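Right, one structure below, let's go through it.
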Amino acid sequence: MKKIQIICPICQKNKRILIPDKIFNKDEGSLLKLPIEKGEICSHQFIAVIDYNFSVRDYEIVDNDEIFQFYLEKTHKHIHTYDFSYY
Ligand SMILES: [Zn+2]
């Protein structure tokens with residue numbers, strides 16, 4: 001598990017989360033778009049763009065629920081145990 005700090009691009013609230021190492025097993029070298037649901041960090045939904053060194057490269061604000069759901073489902077499919085711990 002890797003520890004990364006997610007900062008909300010809207011309200012700047014931040015939280016550290018743990019993500020599984022195997023998150024990048026399938027396509028190493030590419031960027032991962034990790035959807036952060038409302039209530040996980042704060043009351044906003046957004047996407048954290050993470051590289052394979054587990055650094056957050058960028059954030060994308062997604063107002064469109066359909067697009068957000070698309071990423072959410074994609075991520076759930078990709079990661080078998082999509083189980084974050086927050087602390
Ligand atoms: Zn926020």
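The values are calculated or read from the model by the stated rules, or taken from the named source; none is laboratory data. Keep in mind that what you see is a predicted model, and the values were worked out from it rather than measured. Neighbour counts run over all protein chains shown; Cβ positions are idealised from the backbone, glycine included. We work out accessible area using only protein heavy atoms, side chains counted, and drop any ligands, DNA or RNA first. Shrake-Rupley method; radii C 1.70, N 1.55, O 1.52, S 1.80 Å.
For the range 1-25, name all the residues that are part of a helix (DSSP H, G or I) and within 10 Å of the ligand (Cβ to nearest atom). Let's see the steps before the verdict.
Step one: filter the range 1-25 for residues part of a helix (DSSP H, G or I), giving 21-24.
Those that are part of a helix (DSSP H, G or I) and within 10 Å of the ligand (Cβ to nearest atom): none in the range 1-25.
Do any residues in the range 4-32 that are charged (D, E, K, R) and open to solvent by less than 80 Å² (accessible area, probe 1.4 Å) have Cβ atoms under 9 Å from those of residues that are assigned to a strand (DSSP E or B) and at pLDDT below 85, where the two are at least six apart or on different chains, and which pairs are they? Close Cβ pairs (under 9 Å, with a partner that is assigned to a strand (DSSP E or B) and at pLDDT below 85) amount to K15/Y86.
Looking only at residues in the range 41-54 that are touching a residue at least 12 places away in the same chain (Cβ under 8 Å) and more than 10 Å from the ligand (Cβ to nearest atom), the one that is surrounded by the most Cβ atoms within 10 Å (Cβ to Cβ) is A48.
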